[in-house]
Amino acid sequence: MNVFKKIIRSQRGVALVTMMLLLSALTVLAVGAVLVSSIDLQLASNYYQNSRAFYAAEAGDEKALSDIQSLL
């Protein structure tokens with residue numbers, strides 16, 4: 001019986017260590033997901049700004065062409 005008590009005592013805290021490792025792994029995954037979504041948000045913002053600038057420049061070209069044609 002003494003052998004079983006030693007085994008039980010030597011395994012004390014294993015669940016805590018296992019849960020801490022699992023929690024650490026999940027934290028790393030969560031931080032990774034937040035970073036990826038943050039980068040995606042920046043990319044979407046850049047795309048929006050670039051599209052807006054492109055269409056504003058194109059509208060300026062069309063306006064200039066229209067003004068030149070009306071003068072001629």
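The values are calculated or read from the model by the stated rules, or taken from the named source; none is laboratory data. Since this is a predicted model, take the numbers as computed values, not measurements. As a convention, Cβ positions derive from the backbone with ideal geometry for all residues, glycine included, and neighbour counts pool all protein chains shown. Areas reflect the complete protein model, heavy atoms only, side chains present, ligands, DNA and RNA absent. Shrake-Rupley method; radii C 1.70, N 1.55, O 1.52, S 1.80 Å.
Based on Cβ point charges of +1 for Lys and Arg and -1 for Asp and Glu, what charge dipole magnitude is obtained for the chain about its Cα centre, in debye rounded to the nearest 20? The partial results should precede the final answer.
Numbers: 6 positive and 5 negative charges, 277 e Å.
Taking the Cα centre of the chain as origin, the dipole is about 1340 debye.
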Dipole of the chain, positive end: most advanced residue of T27, Y48, L65 [Cβ charges, Cα centre]: T27
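Which three semi-axes in whole Å describe the equivalent ellipsoid of the chain, each the square root of 5 times a Cα gyration tensor eigenvalue, listed largest first?
On the way: eigenvalues 995, 4, 3 Å².
Those come to 71, 4, 4 Å.
Can you give the helix-only mean residue ellipticity at 222 nm for the chain, where every DSSP H stretch with n ≥ 4 adds -39500 (n - 2.57) and the sum goes over all residues, rounded to the nearest 500 deg cm²/dmol?
Numbers: 2 runs with 67 residues, N = 72.
Rounded to the nearest 500, the figure is -34000 deg cm²/dmol.
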Calculate how steeply helix 14-71 sits against the longest principal axis of the alpha-carbon atoms of the chain, using the helix alpha-carbon long axis, and give the answer as 0 to 90 degrees to the nearest 10. 0 degrees
Can you give the accessible area per residue of the chain, in Å², using a 1.4 Å probe? 97 Å²
Of the accessible area of the chain, computed with a 1.4 Å probe and all protein chains kept, carbon and sulfur make up a percent value of 69 percent
